[in-house]
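The values are calculated or read from the model by the stated rules, or taken from the named source; none is laboratory data. As the structure is a computational prediction, the values presented were derived from the model and not from experiment. Side chains are part of the model used for accessible areas, which takes the heavy atoms of the whole protein and leaves out ligands, DNA and RNA. Shrake-Rupley method; radii C 1.70, N 1.55, O 1.52, S 1.80 Å.
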Amino acid sequence: MSEHEPTPTASALPTDDPMGLCARWFAEAREAEPADGNAMALATATPDGFPSVRMVLLKSHGPEGFTFYTNAQSRKGEEIRANARAALLFHWKSLRRQIRIEGPLSQVADEVADEYFHSRSRAAQLGAVASDQSRPLDERATFVERYRAAEERFAGGEVERPPHWTGFTLAPERIEFWLDRENRLHDRRLFVRKVGDGGDGWTSTLLYP
């Protein structure tokens, strides 16, 4: 077979139900990836258009969107407050797949943030209390001291969620699936949410690789 022959000729990506396909790929990634199959790149930007990107963990997903948690006083938190739109990228190297997702962000309810915060390990809860995420730190010992102070403060009781530690949900407007194929003849399909139909419909388009 010639290396220039595009085979197979049919797309392997379905033409409907992008949220269902996301759920299937996430489930397969949890089984296949050696660590953090829910890791995703989160891109935000300032109102002036200066971008930044970092890795975070997807904590839940469903019809409403894709949810992650963070310190809202961090750089990403401040950018979200000022420009509540973002892009996500999942890349599963072992599966040779990617998903790109774009859309607006909304903050989760306090009770939702409380529930997730208290599902984390106690050490992670204390770390969230002790950290001024993204702020300058003179030396690591200062952070360790703050962590120990938080341990003493909440000794024997429940760790209180800081009000600035919360979650955000991205409501998808665009979802692109990327599937590796031979000879870099990759398979790409873009779904765009239809406007004015209650958010239940999608258009589907194949893209050149």
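Counting only residues at least eight positions apart within a chain, or on another chain, the lysines with an alpha carbon under 25 Å from that of Lys76 are Lys59. Prolate is the label for the chain. Its Cα gyration tensor axes, ordered a ≥ b ≥ c, give a/c of at least 1.5 and a/b above b/c.
When the helices of the chain are scored as -39500 (n - 2.57) per DSSP H run of n ≥ 4 and the total is divided over every residue, the value at 222 nm lands at -8000 deg cm²/dmol. The mean accessible area for residues of the chain, using a 1.4 Å probe and ignoring ligands and nucleic acids, is 58 Å² per residue.
Cross-link reach is defined here as a Cα-Cα straight distance under 16 Å, omitting same-chain residues fewer than 8 places apart; for Lys194 the aspartates and glutamates meeting it are Asp16, Asp17, Glu64, Glu102, Glu173, Glu176.
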